[in-house]
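A short worksheet on the structure shown next.
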Amino acid sequence: MQDEPFRFMKFEIWKMAINVGDKLYDIAEEIAQKKKYKFAEQLNGAALSVSNNIAEGAGCDSDKEFSRFLGIARRSIFENVNMLTVFRRRGLIDPDPCKDIVTELEQLSRQITNFQKSLRKS
């Protein structure tokens, strides 16, 4: 039996998305404590969208279709960065961890782009 029963579980981009997603969920919980439930719900959805689209795309029949899902994952990263920026500007979250998470999201976005390029070459 394999350690990772599903294809997506071996991808570094999925592992990165899960890790940064945990941090985004923590921020969403912090925002929910400030009674900003809609904001927290939106952040949770966008955070989950990144890893979900990587996982769903890995189940596609073609690299072209997989690449399309990776594009959706990247757009969700941009949505997360936008929300973190707004929340930081509104004083809803601490700016220091926010900067670190934005850096992680930037790295993940680059990794996804590189992975998309590798799919196009195959």
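What follows draws every value from the coordinates through simple rules; no lab data is involved. Note that this is a predicted model, so its numbers are computed, not measured. So basically every Cβ, Gly included, is an ideal-geometry build from the backbone, and we count neighbours across all protein chains shown.
Can you tally the net charge around MET9? Count Lys and Arg as +1, Asp and Glu as -1, for every other residue whose Cβ sits under 15 Å from the Cβ of MET9.
My count for the surroundings of MET9 gives -1.
Among all lysine pairs in the chain that are eight or more places apart or on different chains, how many have alpha carbons less than 24 angstrom apart?
Number of lysine pairs found: 20.
Can you give the charge dipole size of the chain about its Cα centre, rounded to the nearest 20 debye, using +1 on the beta carbon of Lys and Arg and -1 on the beta carbon of Asp and Glu?
That gives a dipole near 540 debye.
With the cut-off at 1.5 for a/c, could you classify segment 1-66 from its C-alpha gyration tensor as rounded, prolate or oblate?
Note, shape of segment 1-66 comes out prolate.
For the chain, take N as its residue count and report Rg(C-alpha) divided by 2.2 N^0.38 Å.
Dividing the Cα radius of gyration by 2.2 N^0.38 Å gives 1.11.
Restricting to DSSP loop positions (anything but H, G, I, E, B) with no more than 15 other Cβ atoms inside 10 Å of their own Cβ, which chymotrypsin sites (Phe, Trp or Tyr not before Pro) remain in segment 1-54?
PHE6
Please build a GNM for the chain, connecting alpha carbons under 10 Å apart, and tell me which residue among ARG90, ARG110, ARG74 fluctuates the most.
Result for the chain, Cα springs under 10 Å: ARG90 fluctuates most.
What is the sum of charges around CYS60, taking Lys and Arg as +1, Asp and Glu as -1, for the other residues whose C-beta is under 13 Å from the C-beta of CYS60?
-1
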